[in-house]
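Data first, discussion second: the structure below is written as structure tokens.
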Amino acid sequence: MAVAAASPVGLVVAWTSAASASSDARVTRGSIAVVADGLYRRYPNGRLKLLTDGRAPAWSRDGSRIAFVRSDIAQGPYVCPLFVMNSDGSNVRRVGQATTDCSGVSWGPGDRKIVFGGGVPAHRGMGLWIVNANGSGLRRLRAGRGATEGIHPAWSPDGRTIVFGWTGRSPHPWGRLAAVRPDGSGYHVLITPRAGAHDDELTFPAWSRDGKRLAFLRVDHRLGRAGRTLEVANARGEHPRALLRLPYNPGGQGAPTWSPDGHSIAFWGVCGKGSCVSTVPSRGGRPRVLLRNYIEPAWGPGGS
């Protein structure tokens, strides 16, 4: 485990394969959905169960259902129909005609609506979308113009704010983190790329259960300095603090998700020649491997 020098955003732990020497066998509070050759559920006692074929899982707030997507290769690399199932893998059904950009989805208050990014012809353009969980009421909140419009949306615990990746009218080639109300009003940029020589992309926002903190991934695309940093800020995007660094490749690493008690954040990264899902204290500390050869963790609520 290598430790980087202190920076203005705090002490950063560099994630290396050496940090993956042993798996964390401790019981976690709440099940975790993960992805390998299918979508699995890891129960708090460590038992793994294959649920269905799919990826990008998102737990309903009451823990009874999981939303997820399935790739539709015939339609293109970023076309993924939206599905919902019971958290035990039963009653899998497609959510109307909702087709996502494959980046992930998030449940709204009362588990009545789901927000996602999309942009296939059936949806009349790219942007941020909301649909009722039963498939009705599909509507676009914001229209976008680039490949990073509406990606990785995260609906706040109080139901008032949706945070997502957005390019908008910015000349910056990568996404910022923006926020909007569920009715589409109140749009504003929450976290912007750093100025100067940095080439930042801000993505994978994830709310703590109490809504007071926001985890996200900062990807620096600079040639020779590329890398990923897992950071935590307050709910307004202020005072970001880096928790750890991840390698630049492969893409998609990070995908933070909070434990029910807010003490830990799960994420995925490279472990040697494979991948692993690990946890890190949300206030900073040493990461621990939870599962090897899995990606895309989604931590369920307490009691799941």
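Brief remarks on what is shown
- Segment 217-240 - residue that is under 23 Å from Val270 (Cβ atoms) and more than 18 Å from the chain's Cα centre (by Cα) and, of those, surrounded by the most Cβ atoms within 10 Å (Cβ to Cβ): His221
- Test: residue in segment 244-255 that is within 28 Å of Ser60 (Cβ to Cβ) and modelled with pLDDT of 95 or more: no
- Val95 being over 15 Å from Gly303 (Cα atoms), in a strand (DSSP E or B), modelled with pLDDT of 95 or more and touching a Phe, Trp or Tyr at 6+ places or on another chain (Cβ under 6 Å): no
- Pairs are defined by a Cβ separation below 8 Å, a sequence spacing of at least 6 or placement on different chains, a first member in segment 85-114 that is under 13 Å from Pro153 (Cβ atoms) and open to solvent by less than 30 Å² (accessible area, probe 1.4 Å), and a second member that is polar (S, T, N, Q) and modelled with pLDDT under 95; the pairs so defined are Cys102/Ser71.
- For segment 37-66, filtering for residues that are in contact with a strand residue (DSSP E or B) (Cβ under 8 Å, 6 or more places away or on another chain) and either crowded, with 17+ Cβ neighbours inside 10 Å or not in a loop (DSSP other than H, G, I, E, B) (or both) leaves 19.
- Selection from segment 226-243 of residues that are over 19 Å from Ile162 (Cβ atoms) and free of Cβ contacts under 8 Å to residues at least 24 places away in the same chain: Ala226, Gly227, His239
- Taken together, the residues in segment 249-289 that are open to solvent by less than 10 Å² (accessible area, probe 1.4 Å), hydrophobic (A, V, I, L, M, F, W, C) and within 18 Å of the chain's Cα centre (by Cα) amount to 7.
- Failed item in (1) at pLDDT below 95; (2) under 25 Å from Gly303 (Cβ atoms), with Ala21 passing the rest: (2)
- Residue within segment 67-75 that is modelled with pLDDT of 95 or more, of a type in the set (Ser, Thr, Tyr), within 16 Å of Gly104 (Cβ to Cβ) and not in a strand (DSSP E or B) present: no
- Given (1) at pLDDT below 95; (2) over 30 Å from Arg283 (Cβ atoms); (3) under 19 Å from the mean Cα position of the chain (by Cα); (4) open to solvent by 10 Å² or more (accessible area, probe 1.4 Å), index of the condition Gly118 fails: (4)
The values are calculated or read from the model by the stated rules, or taken from the named source; none is laboratory data. Small disclaimer: the values here were computed from a predicted structure and weren't measured. With ideal geometry, Cβ positions are generated from the backbone for all residues, glycine too; neighbour counts draw on all protein chains shown. These area figures cover heavy atoms from the full protein model, side chains too; ligands, DNA and RNA do not enter into them. Shrake-Rupley method; radii C 1.70, N 1.55, O 1.52, S 1.80 Å.
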